Structures are given as structure tokens and as C-alpha cells.
Amino acid sequence: MRCLIVSDIHGNLAAFDAVLEAAAPYDQVWCLGDIVGYGPDPRECIQRLRSLPFVAVAGNHDWAVASRLDLDEFNLDAQVAVAWTHERLSPEERDFLAQLPESITIAPFTLVHGSPRHPVWEYILQPSVARANFAHFDTPFCLVGHTHVPMIFALVENGSRCYAYSPRSNGPLALTDAPRMILNPGSVGQPRDGIPLAAYAILDTDAMTITFHRQPYPIEQTQRKMDEYKLPHRLSARLTFGW
Ligand code: ZN
């Protein structure tokens with residue numbers, strides 16, 4: 001099976017559509033949370049995802065928009081975007097977000113938004129945090145999002161060390177005979193690694209390989225809508241720089 005792995009779409013339909021087109025064909029979409037929040041097309045992104053064969057876990061923005069999380073933990077710009085998104089969605093769409101599970105296991109993969117230890121909230125940016133998290137899932141591999149930074153953490157030397165490295169789009173990475181790993185495809189709709197291109201990964205479960213990709217999309221189209229809807233300007237400006 002060829003799976004398209006996406007995370008942190010954040011209501012950016014132009015980015016999501018560019019990824020869906022570039023990644024085709026695929027059998028299933030695995031979404032690692034934060035379908036909405038920040039971007040101007042939360043409805044359309046939910047509808048697009050639901051029109052495809054997909055599985056999805058809950059992100060902190062998804063649950064905040066669905067009133068399942070307290071807004072206090074969010075910065076001010078994010079709070080404004082969450083409130084705007086809440087209004088924009090139908091009760092049925094908010095319900096869909098509220099029902100998303102914290103974690104899904106499709107062996108040999110565990111899917112969560114933040115981390116296996118704290119699925120909705122924890123950021124895995126450092127190897128020390130990643131290493132502690134390997135005790136919190138049973139499968140060889142865990143797919144995460146949330147940081148908006150593509151990253152691979154590998155547990156080596158009998159679990160005594162954890163290495164972190166940035167995946168580059170230079171062909172498939174073999175998962176057969178690989179160490180246990182936590183893999184982050186990066187963000188479709190709001191990359192934060194200084195590269196403004198939409199990020200995603202393709203997982204081939206027959207060959208057991210994963211390939212990381214970056215995809216250009218019409219950023220101005222998303223920015224224009226965000227400015228039109230009077231979403232915080234900082235949120236649209238950052239898309240230019242990918243931070
Ligand atoms: Zn996010």
C-alpha cells in the first residue's frame with residue numbers, strides 16, 4: 001500500500017491540494033492532526049480529507065476548535081485563529097474534529113500528533129525528549145507531527161542513544177532492518193524549518209520505505225484569503241519564510 005503521510009494542514013487548502021496532486025497516486029491518506037487552525041480554508045480542508053480514503057488523529061488545534069481543549073495554552077494569534085475557525089465550521093464538522101482519536105496503531109506504525117507520551121501536546125524537537133518517548137509506544141515506528149519540522153529520531157546502541165537528523169528528499173529510506181524510529185513528515189500548511197514549501201512523506205508499506213518530499217504551492221493565494229478574513233497578519237506573513 002502507498003500511503004500519503006500529511007500533518008499540520010492547518011486550513012491551507014492551496015498547500016493541501018498541491019500535495020494531493022504531487023503525491024498521487026496513493027491508496028490512503030494518514031493525517032497526523034491539526035487539519036485546521038491558522039489557515040483560511042478549514043472547512044474545505046476537512047471536506048477534502050473526508051473525500052479520500054483516510055485515517056486521522058487529533059491535533060491540539062482540532063480539539064481546541066471543537067471546544068475539547070482549553071485555549072489558555074495557545075498564544076494570542078493562535079487563539080484568534082481558533083475562535084475564527086470555530087465560527088467557520090458547522091456543528092457536524094466540529095463534531096468530526098472532536099471525535100478524532102488521540103492515537104491510531106497500524107502495525108508496525110503508531111500515529112499521534114505530538115508524542116506517544118502526550119499525544120496532543122508534547123513537542124518532540126530534541127533527541128532527549130524523543131528517547132524518553134520510545135518507552136510509550138510498542139510498535140517499531142511512530143509517526144508524529146506538531147513541530148512543523150521534518151525530522152527523524154532513531155534509537156540506537158540498544159536503546160541507550162537517540163540520534164536526530166533532518167530528512168532530505170534524496171530517495172526512499174529503508175525501514176526494513178532499521179532501528180526503532182520516530183518520524184515527522186513536517187507540515188503541509190505552515191512549515192517552520194525555514195523552507196516555505198509544503199512538506200509530506202510517502203510510505204510504501206510493501207517495500208517498507210518512506211520518502212520525504214517538499215512541494216511548492218501558491219502561497220500568495222492562501223495569504224490573500226487570510227488577509228481578507230482579517231486573520232492575524234503575522235500568521236500569513238510567516239508562510240513566506242517557512243517559520
Ligand atoms: Zn500544528
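Computed with every protein chain present, the accessible area of His233 is close to 120 Å² [probe 1.4 Å]. Once the Cα-Cα distance is subtracted from the 0.36 nm per residue extended length, the Ala174 to Ala107 segment shows a gain of 22.5 nm. Where in the chain is the longest stretch that carries no trypsin sites (Lys or Arg not before Pro) classed as loop by DSSP and with at most 13 other Cβ atoms within 10 Å? Here the longest run is 1-167. Rounded to the nearest 20 debye, the dipole size of segment 1-155 about its Cα centre is 380 debye, using +1 on the Cβ of Lys and Arg and -1 on the Cβ of Asp and Glu. Per-residue SASA remark: Thr176, around 80 Å² accessible (1.4 Å probe; ligands, DNA and RNA not included). When Leu32, Leu71 are compared by accessible surface with a 1.4 Å probe, the order from highest to lowest is Leu71, Leu32. Sorting Val29, Val156 by solvent-accessible area of protein heavy atoms yields Val156, Val29, largest first, with a 1.4 Å probe. The protection proxy used here, the mean number of other Cβ atoms lying within 10 Å of each residue, ranks peptides 147-155, 203-211 as follows, highest first: 147-155, 203-211. Entry comment: accessible area of the chain is 41 Å² per residue, from protein heavy atoms only and a probe of 1.4 Å. P(r) for segment 139-243, from all Cα pairs and a bin width of 10 Å, is 14, 40, 26, 14, 5, 0 %, short bins first. Counting only protein heavy atoms, what percent of the accessible surface of the chain is carbon or sulfur at a 1.4 Å probe? Roughly 51 percent of what the probe reaches on the chain is carbon or sulfur. Counting only whole DSSP H helices of the chain, there are none at least 20 Å long by C-alpha along their axis and with mean Kyte-Doolittle hydropathy no lower than 1.0. Computed with every protein chain present, the accessible area of Glu87 is close to 140 Å² [probe 1.4 Å]. When the residues Ser115, Ser103 are ordered by accessible surface, computed with a 1.4 Å probe over the protein chains alone, the sequence from largest down reads Ser103, Ser115.
Under the simplified labelling scheme, the Asp227-Asp138 pair shows an inter-label distance of 5.2 nm, with each label point 7 Å from Cα along Cα→Cβ.
Within the shell of other residues whose beta carbon sits under 13 angstrom from the beta carbon of Asp193, the net charge comes to +3, with Lys and Arg scored +1 and Asp and Glu -1.
The values are calculated or read from the model by the stated rules, or taken from the named source; none is laboratory data. In this text the structure is predicted, and so the values were computed from the model without any measurement. Note: ideal-geometry Cβ built from the backbone for every residue, glycine included; neighbour counts use all protein chains shown. Keep in mind that these areas ignore ligands, DNA and RNA; they rest on the heavy atoms of the full protein, side chains included. Shrake-Rupley method; radii C 1.70, N 1.55, O 1.52, S 1.80 Å.
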